[in-house]
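A short worksheet on the structure shown next.
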Amino acid sequence: MSAAPRRPRNHAAIGAAAHRRGDAFEAWLDAAHEAAVAAGLVARMRHVGPPHKRIGAGEVVIVGTGPADYQGQTLDGRALALEAKCRAGNLRRAELPDHQAADLDACARAGGVAALVYRWTSVDRTRQRTFVIPWALVPWATARRGDSPSIGPEACAPWEVDPRALLDPRDALWRCYLAPLLAAHPPEVRLPWTPGLDGVLMRALEALRTGAGRELTVEAYGARLVIGGAR
């Protein structure tokens, strides 16, 4: 018995469904950020797009490339850059335009908060999971057959957020602009050893051991190491 012919894919319907998912995801983030700014939890946050020019009644053309989707500022003055992607399946690295990745890179290098907000949904939209991943830690996995690296829900599990988290004022831990700060690793600083440094550290550690000191702090190049003694 011959197999039944496969039905052609309805690309228009697939594209329309993807747009609906993306619009709902962006509306969810927009509402969360608006509430956060109003509550004084973040200094500012804007949903931005590429630069454009009006050329006639109702006509607009794109005239350049824009930054990551969301741009803002923390209460302590750091820049915020978030790129939001919603996909029915894995997210491919090639789906992030180079200019948006460059904006996230620049924000992270300057000490700001840069993150990828990735929402995974099943094809039928009955299931969804949301992840807020520090940009420098996105676990891109090399694809087979030369395809673009990608991420899926399993690899992103450490950064999953509760679907109510961005809108629930009691759940500060997983708001999308705080999660990257909490998950990020502190900068690593390496200093050459010298006899003088060795002696200073040994005396400080001995003071902690004997109770003569309560805390040892070492600061260098913007990183701080604090060793607490017995209280």
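Tabulated data
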| item | result |
| --- | --- |
| Test: residue in region 133-148 that is buried (at least 19 other Cβ atoms within 10 Å of the Cβ), of a type in the set (D, E, K, R) and either outside any loop (DSSP other than H, G, I, E, B) or assigned by TED's automatic domain parsing to the domain that holds Pro51 (or both) | no |
| Any hit, region 85-106, residues being touching a helix residue (DSSP H, G or I) at 6+ places or on another chain (Cβ under 6 Å) and not hydrophobic (A, V, I, L, M, F, W, C) | no |
| Of all residues in region 117-154 being under 22 Å from the mean Cα position of the chain (by Cα) and among the charged types (D, E, K, R), the one that is nearest to Gly22 (Cα to Cα) | Arg119 |
| Of all residues in region 93-120 being in contact with a Phe, Trp or Tyr (Cβ under 9 Å, 6 or more places away or on another chain) and in contact (Cβ under 8 Å) with a residue 40 or more places away in the chain, the one that is surrounded by the most Cβ atoms within 10 Å (Cβ to Cβ) | Ala115 |
| Ala68 being hydrophobic (A, V, I, L, M, F, W, C) and within 14 Å of the chain's Cα centre (by Cα) | yes |
| Whichever residue in region 46-92 is acidic (Asp, Glu) and surrounded by 10 or more Cβ atoms within 10 Å (Cβ to Cβ) and, among such residues, is farthest from Arg119 (Cα to Cα) | Asp69 |
| Qualifying residue in region 137-154 (condition: farther than 18 Å from Leu29 by Cα, of a type outside the set (A, V, I, L, M, F, W, C) and touching a Cys at 6+ places or on another chain (Cβ under 9 Å)) | yes |
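Quick grid of which residues meet (1) closer than 24 Å to Ser148 by Cβ; (2) assigned to a strand (DSSP E or B); (3) among the charged types (D, E, K, R):
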{"residue": "Gly64", "(1), (2), (3)": "no, no, no"}
{"residue": "Pro67", "(1), (2), (3)": "yes, no, no"}
{"residue": "Gly77", "(1), (2), (3)": "no, no, no"}
{"residue": "Leu80", "(1), (2), (3)": "no, yes, no"}
{"residue": "Gly89", "(1), (2), (3)": "yes, no, no"}
{"residue": "Ala102", "(1), (2), (3)": "yes, no, no"}
{"residue": "Asp105", "(1), (2), (3)": "yes, no, yes"}
{"residue": "Ala115", "(1), (2), (3)": "yes, yes, no"}
{"residue": "Val123", "(1), (2), (3)": "yes, no, no"}
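The values are calculated or read from the model by the stated rules, or taken from the named source; none is laboratory data. Here the structure is a predicted model, which means the values were calculated and not measured. Cβ sites come from the backbone with ideal geometry, for glycine too, and all protein chains shown count toward neighbours.
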